[in-house]
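Structure record follows, encoded as C-alpha cells.
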C-alpha cells in the first residue's frame, strides 16, 4: 500500500493551539483513500527524521507564492532521501514553469482527481511517459524538457466528494475550518482566480454547499 505524507508550509507551527488542517489536502486525502488503496497522513512538521521514520513513497506539498520557498526547501530535503515530491496549489497552477528540479511533478488546478491518477501511476512503476497522458500536470521529462499537460476539467459534482475529518490529527483543537464554497464569481487582477486554468476550472463557477452538508461536516469532525 502506498504511503503518502501531505503538508502545507503555511500551516507549519509549533503551537498546538494554532494547528488547523489544510482543507484542500483534507479533501484530497479523503477522496483518494476512498478510491484507491493508500495510506495518507496530513502532517504539520517535516524533517529528515520524519521522512526516515515514516518512509513515505510520496510527499505532497500545497503552497502559494508566499510559501513557495519553504516548499522548495522541503522538496530538496525529500530528494536527498530519494522520495518523490508532488507540489500543488496556486503558485504551481499559475506559474507552472517555476517548478524546481527537486519537485517530481506539479498538479495544476483542483487536485482530487489528478492526484489520484498520480497515485495509480506510481503504483504501476512511475512511468514518465504515462504522466504525459494525465491532465493538469507539469514536470520535467527524462531529457529535462518542461512538460505541461492539458488542463484538467473542473470536478463535475463537488457534493459527491467524501466529507473529510477536518480535525484530523488534532482532536483537541478549539478551531474548526470547513469549506462552505469553492470558487469565486469575481476576477480581481491581482488574484490567481483570473489566471486561465483557474477561471476555466473550479473558479469558473461559485459552488455553494447545501447547509445540510455543512452541518454533516461539523458532526463528522466532532466525532
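Since every read-out is calculated from the coordinates, none of them should be taken as a lab result. Keep in mind it's a predicted model, so treat the numbers as computed, not measured. Every residue, glycine as well, gets a Cβ built from its backbone with ideal geometry; the counts of neighbours run over all protein chains shown.
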- Sort 182, 108, 209, 219 so that the residue with the fewest other Cβ atoms within 10 Å of its own Cβ comes first and the one with the most comes last. 219, 209, 182, 108
- Ascending count of other beta-carbon atoms within 10 Å, so fewest first, for 97, 84, 140: 97, 140, 84
- Item | Simple label model, 7 Å out from Cα along Cβ direction - residue 81 to residue 212, nm | 4.5 nm
- Item | Distance in nm between pseudo-label sites at residue 66 and residue 189 (7 Å out along the Cβ direction from Cα) | 2.2 nm
